[in-house]
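Inspection log for the structure reproduced underneath, given as C-alpha cells.
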Amino acid sequence: MIPIAYNLGSLGVRRRTTATAVLGIALVVFVLAGALMLTAGIRRTLGSTGRADGALVIRKGSDAELSSNIDQASVGLILEGPEVRRSEKGAALGSGEVVVVTALEKIGTKGGVSNVNVRGVADNVWLVRPEAHIVDGVPAKAGTDEAVIGARIRGRFKGVELGQSLELRKGRPARIVGVFEAGGSSFESEIWADVDTVRTAFGREGLVSSTTVQLLSMGSFDAFKARIEHDKNLGLEAMRESIYYEKQSENLAKFIGVLGWLISAFFSIGAMIGAMITMYASVSSREREIGTLRALGFSRRSVLASFMLEACLVSLLGGAVGCAASLALGVVRFSMINFATWSEIVFVFEPTARILVIAMVSAVAMGVLGGFLPAVRAARLRPVEAMRGE
Amino acid sequence: MSIPGLAARNLLRNKLRSFLTVSGVTVGVLAFVLLRTVIWAWTAQSEDTAVDRIVTRHKVTFVMELPMSHFDEIRSMKEVRCATYQNWFGGKDPSHDQEFFATIACDEKTLFDVYDDMETPPDQKKAFLEDKQGALVGEKLMQRLGWKLGQTVVLQSQIYPGDWEFHIVGVYKALRKAVDPAQVFFHWDMLNERRPARIKDHIGWIVSRVAPGASAARTSLAIDEHFDALDVQTLSQDEHAFQQSFLAMFSAVLTALDTVSLVILGIMMLILGNTLAMGVRERTGEYAVLRAIGFLPRHMVALVVAEAAALGFVGGAVGLAVAFPLINLGMGRYIEENFGGMFPFFRVTPSAAIVAMALSIALAVVASVPPALAAYRLRVVDALRRVA
C-alpha cells in the first residue's frame, strides 16, 4: 500500500484545485441535504399533526376540514358512542371545531396578504389535544373574544403577537392572550379562538367544520367509523386523525422531494465531472511520481487504490463541508402554502442522521465515480515511459 | 496564426479535458434552463394580465361571501365599465379523482363582457346562454379529461352535496395567460337554487373592468372605501396584484429555486476555472517562449480569455441544443398534460435561452481572470527556467 500521507501531501501541494473540487462537491451536498431536510420538515410538521388514537369526522366528499360543514346537532351523536374516550368526570374527549381562513398582512412585504388558518375550538381543546400547551401568556377564556396563536406564526403577520389584536369581523377584534406549541405540528401555524366567536364572525351559526375525538384505543377506530358512516343520512366520513393530516402533506412533501432529487441529480453529474477533471489533471502532472512508485515495486493495484483513496478524501471533505453548511439551514423558517388548506404553514429544515448519511454517501459516490477513470489511467502507466516523460 | 485561432487550438490539445469541461457546462446550462423554466412557468400567469380587471372579494377571508347588493353597487360606480360575479364550486370528476381544476358558478350574462379574452365560437356561446345546465369548459381541460363537446358530465363538489349534471355546450380558448385555460363555468342560478337558505343569494367574488381612462389601482381603492362603512368590507386587487399575492404564498419556494440556480452557476464556474487554470499552468513554458519572441502580456491575457470564451460558447450551445428538445418536446408536454393545473405552460422562453448562453460565456470569462492574471504576470526568465 502507498501510504496515505502521500495522498494528503499531494492534495496539499495542489491546494487550489483541491479546494475547487471540494467546493463543487460541497455545493451539491448542500443542495441535496437542504432539500431532504425540508421534505423531512414537511413530513414531520404535517405528519405529527393529529394522534394515532384520534379520529376526525368531516362531511363525506369534502376531502378537507375547510370545505366541510356538519350540523352542530351531529356533534352530540358523534361524541356519545362507547368508542370515545372520556375524562374522569365522564365528559367525552372530543369537540366540534370550526376551521376558516383569514387573509392577514404579512410582515416584511409591502401590503402582501397571505392566508392563515383560524380554528374555533371548544373549551376542552387542551384535553382533546394534550400535545398542545401554552408557552407564553395564558389560555383564551371560553366565550370571549380572546385568541391564542401558534408559536411558528408569531410575529410573522400583522397583529399576530402577544397583546395585539386581529380583526376577525368589523368592530370585533380578537385579542391575542397566549402563544402555544403543539409538538411541531401544523397547529403551530394556526390561530385558535372560541368556537362561538369564530362561528358568529364567519357566519357559520349552527355548524362546525369537523369533529375531533380521542378514541379508547387505536383498535376502536373501526367500530367508530362503522357507527359514524352507518347512518347515510348524516353524510359523514370518519378518518384516523394521523392519516388525515398525513394525506394533506402527501402532495407537498412529494413535490419538494422530487424537485430536490431532480436538481441534486443534475448537480451531482456536474460535480462528478469537476472531480474527474481535477483527478485527471492530478494524474497527468504526477506521471513521473507514479512511474517512480511503480519502479519502486508498488503494484498497479496499489496505485489504483491510492488514487481512489485520494478521490474519496476529496469527496469526504466536500461532503463534510456541505453537511456543515446545510446544518446552518436549521435557523431558516420556510413558509409555504399547503395546497390542501390554501393557507400558509411554517416549516423548519429538519436535519436527521439518515439525511446526513445519505448526503455523505452521495458525496463519496461522486468521488468514486469521478475518480475511477483517472485512477485507472494512473494504474495503467508504464513505469519506464512515465519516468521518461516531460 | 491569429490569437483566437491559437486559443481554439489550445482547447483541442487536451481533448478529454475539454470534452469533460464542455459536458460540465452543458449539464449546468441544462439545469439552469430547467430551473428558469419552472420559475417562468410558475409566474407566467401573473405577467400576462388584463391591467384594467379588478377582483373584489371578502376582506377577511375567501371562505365568506359577499351579499348580492355589492354587485349592483359596484356595477353602478362610474369608474366601472362592466362587472360579473362568480362562486367557487370545488367540483371534481368522480372518474378522475386526482385531477384538480377550477369549477366556477358564473353569471353567464355578464361573463363575456368582463372576460373578453376568453374566445368561444358564437353558436357555442349562444348555446351556453340558453341551456340552464350548460357548461363552458376550457380547451385544455377538455383534452386532459377527454371530454367531448355535447357530452353530459356528472360532477361532485367538495362543498355542496349530491351529483351535479352539466351539458358541455361550449369550449373556450384562453387568449391571455392570466386566464386559466382549464376551468368549468356553469350558470350561477343552478348553484343558487340548491344552496341552503343561509347562503342563498351570496356571491363569492366580483370581477370588474374599469372604464376607459380610470386607473385600476385607484378604482380598487374606491371600491374598498365605498364598502368600508358597511358590515361586509371588501378587498379589491387588480388582476396583476391578485396573481402576485397568490404567488407570494409560494415565494419561499421561488426564492429557493432562485438560490439553487445561482448555485449551479457557481458549480459551472468552478469547473471552468479549474480547467483553464490547469491549461495555463501546463503551458507556462510556451507562454514564456511567446513572450520571449515579442508577444506582449496583453496577448497572453487575450489567449486565455479567448480560450475561456470559446469553452463557454460551446458548452452553452450544446446545453441549449439538449435543453430545447428535452424540455419543449419531452418534459414540457408531459408536464402540461399531467400538471396543467399548476403549470399550464411549460416551455423554454427565448429570453431564458439567451440569458443561459450569455451567462455561460460570461462565467467562463470571469473564471478565466485568475489564470489570465497569472499569464499576464509571467516572468519570462523564471518561466523558461522552470521545469513544468
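The values are calculated or read from the model by the stated rules, or taken from the named source; none is laboratory data. In this text, all values refer to a predicted model and were calculated from it rather than measured experimentally. Backbone-built Cβ (ideal geometry, glycine too); neighbour counts: all protein chains shown.
Looking at A:E161, A:E131, can you tell me which residue is away from every other protein chain (no Cβ under 14 Å), part of a loop (DSSP other than H, G, I, E, B) and in contact (Cβ under 8 Å) with a residue 60 or more places away in the chain?
Matching residue, one of A:E161, A:E131: A:E131.
B:L11 fails exactly one of the following numbered conditions: (1) closer than 24 Å to B:Y287 by Cβ; (2) of a type in the set (A, V, I, L, M); (3) within 12 Å of chain A (Cβ to nearest Cβ). What is the number of that condition?
For B:L11, the failing item is (3).
Only residues that are touching a helix residue (DSSP H, G or I) at 6+ places or on another chain (Cβ under 6 Å) and over 18 Å from B:D97 (Cβ atoms): list them for the range B:157-176, please.
B:V169, B:G170, B:V171, B:K173 - these are the residues of the range B:157-176 that are touching a helix residue (DSSP H, G or I) at 6+ places or on another chain (Cβ under 6 Å) and over 18 Å from B:D97 (Cβ atoms).
Name the residues in the range A:1-30 that are assigned to a helix (DSSP H, G or I) and more than 14 Å from chain B (Cβ to nearest Cβ), would you? Show your work before the answer.
So the first thing to find is which residues in the range A:1-30 are assigned to a helix (DSSP H, G or I), and the list is A:4-13, A:15-30.
Once the filter is applied, which keeps residues that are assigned to a helix (DSSP H, G or I) and more than 14 Å from chain B (Cβ to nearest Cβ), the range A:1-30 yields A:I4, A:A5, A:Y6, A:N7, A:L8, A:G9, A:S10, A:L11, A:G12.
Could you pull out the residue among B:Y115, B:Y85 that is assigned by TED's automatic domain parsing to the domain that holds B:H70 and touching a Phe, Trp or Tyr at 6+ places or on another chain (Cβ under 6 Å)?
Details: B:Y115 fails: touching a Phe, Trp or Tyr at 6+ places or on another chain (Cβ under 6 Å).
Among B:Y115, B:Y85, only B:Y85 is assigned by TED's automatic domain parsing to the domain that holds B:H70 and touching a Phe, Trp or Tyr at 6+ places or on another chain (Cβ under 6 Å).
Would you please name the residue that is surrounded by the most Cβ atoms within 10 Å (Cβ to Cβ), looking only at residues in the range A:237-257 that are more than 19 Å from A:G50 (Cα to Cα) and within 11 Å of chain B (Cβ to nearest Cβ)?
In this case the residue turns out to be A:I256.
Looking at (1) in contact with a Leu (Cβ under 9 Å, 6 or more places away or on another chain); (2) away from chain A (no Cβ under 14 Å); (3) not hydrophobic (A, V, I, L, M, F, W, C), can you tell me which one B:D163 breaks?
All conditions pass for B:D163, except number (2).
Looking only at residues that are in a loop (DSSP other than H, G, I, E, B) and surrounded by 15 or more Cβ atoms within 10 Å (Cβ to Cβ) in the range A:105-122, which one is modelled with the lowest pLDDT?
Ranking the qualifying residues of the range A:105-122, first place goes to A:G112.
Report those helices (runs of 4 or more DSSP H) wholly inside the range B:101-198 carrying at least 3 residues which are under 32 Å from the mean Cα position of the chain (by Cα).
Helices (runs of 4 or more DSSP H) meeting the threshold: B:108-114, B:122-130, B:139-145.
Looking at B:L66, B:L34, B:L6, B:L30, which one is more than 23 Å from B:I327 (Cα to Cα), aliphatic (A, V, I, L, M) and either within 14 Å of chain A (Cβ to nearest Cβ) or buried (at least 19 other Cβ atoms within 10 Å of the Cβ) (or both)?
After applying the criteria, what remains is B:L66.
Pick from A:L66, A:L56: which is outside any loop (DSSP other than H, G, I, E, B), closer than 18 Å to A:N117 by Cβ and within 14 Å of chain B (Cβ to nearest Cβ)?
So the residue among A:L66, A:L56 that is outside any loop (DSSP other than H, G, I, E, B), closer than 18 Å to A:N117 by Cβ and within 14 Å of chain B (Cβ to nearest Cβ) is A:L66.
Filter the range B:234-247 down to residues that are under 21 Å from B:V80 (Cα atoms) and either surrounded by fewer than 18 Cβ atoms within 10 Å (Cβ to Cβ) or away from every other protein chain (no Cβ under 11 Å) (or both), then give me how many there are.
Total meeting the criteria: 6.
Just checking, how many residues over the range B:280-299 are in contact (Cβ under 8 Å) with a residue 12 or more places away in the chain and aromatic (F, W, Y)?
Final tally of qualifying residues: 1.
Output the residue which, of all residues in the range A:209-227 that are in contact (Cβ under 8 Å) with a residue 24 or more places away in the chain and among the aliphatic types (A, V, I, L, M), is nearest to A:N117 (Cα to Cα).
My answer is A:V213.
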